[in-house]
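What follows is one structure encoded as C-alpha cells, with my remarks underneath.
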Amino acid sequence: MILSCDIDWANDTERRISVSGFIIYLLGLPICWSSKEQKGMTFSSSEAEYVTVLEALKKICFIDYLL
C-alpha cells in the first residue's frame with residue numbers, strides 16, 4: 001500500500017480550519033481517498049499533518065482488516 005497525504009494549513013482566514021486529504025493506493029490503483037476540513041483548529045502545520053496521517057492510518061487499518 002502507498003499513502004499520499006497533503007494539507008492546506010489554516011487557509012480559511014476567518015475560522016483557521018485546515019483542509020486535509022489523502023489517497024491510498026493498492027497495486028498502483030487508488031482504492032480510498034478523502035478530502036475534507038479537519039474537525040478542529042491546529043496550531044502548526046506539523047500538527048495538521050499528524051491529524052491527516054492519523055485519519056489515513058485509520059482507513060489503512062480498516063482496509064488491512066478487510067483484506
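A simple spin-label model places pseudo-atoms 7 Å from Cα toward Cβ; at Leu26 and Ile2 they are separated by 1.6 nm. Using a Förster radius of 25 Å, what is the FRET efficiency between Leu54 and Arg15 based on their Cβ-Cβ separation? Nearest 0.05, please. For R0 = 25 Å, the calculated efficiency reads 0.75.
Projected onto their three principal axes, the Cα atoms of the chain cover extents of 41, 19, 16 Å, largest first.
Within the chain, the longest run free of exposed loop sites, counting trypsin sites (Lys or Arg not before Pro) that sit outside DSSP helix and strand states (H, G, I, E, B) and have at most 14 other Cβ atoms within 10 Å, spans 40-67. Applying the criteria of a DSSP loop state and at most 16 other Cβ atoms within 10 Å to the chymotrypsin sites (Phe, Trp or Tyr not before Pro) of segment 30-67 yields Phe43. Residue-wise HN-Hα couplings along segment 33-48, as the Karplus relation 6.51 cos²θ - 1.76 cosθ + 1.60 with θ = phi - 60° gives them from phi, are 8, 7, 8, 7, 6, 6, 5, x, 7, 10, 9, 8, 5, 5, 5, 5 Hz; Gly and Pro carry x. Helix-only arithmetic for the chain: the sum of -39500 (n - 2.57) across DSSP H runs with n ≥ 4, divided by the residue total, places the mean residue ellipticity at 222 nm at -11500 deg cm²/dmol.
With R₀ set to 25 Å, the beta-carbon distance separating Ser35 from Asp64 gives a calculated FRET efficiency near 0.70.
Throughout, read-outs are computed from the coordinates displayed, never taken from laboratory work. It should be emphasised that the depicted structure is a prediction, and the values quoted were computed from it without experimental measurement. Here Cβ is always computed from backbone atoms with ideal geometry, including for glycine, and neighbour counts include all displayed protein chains.
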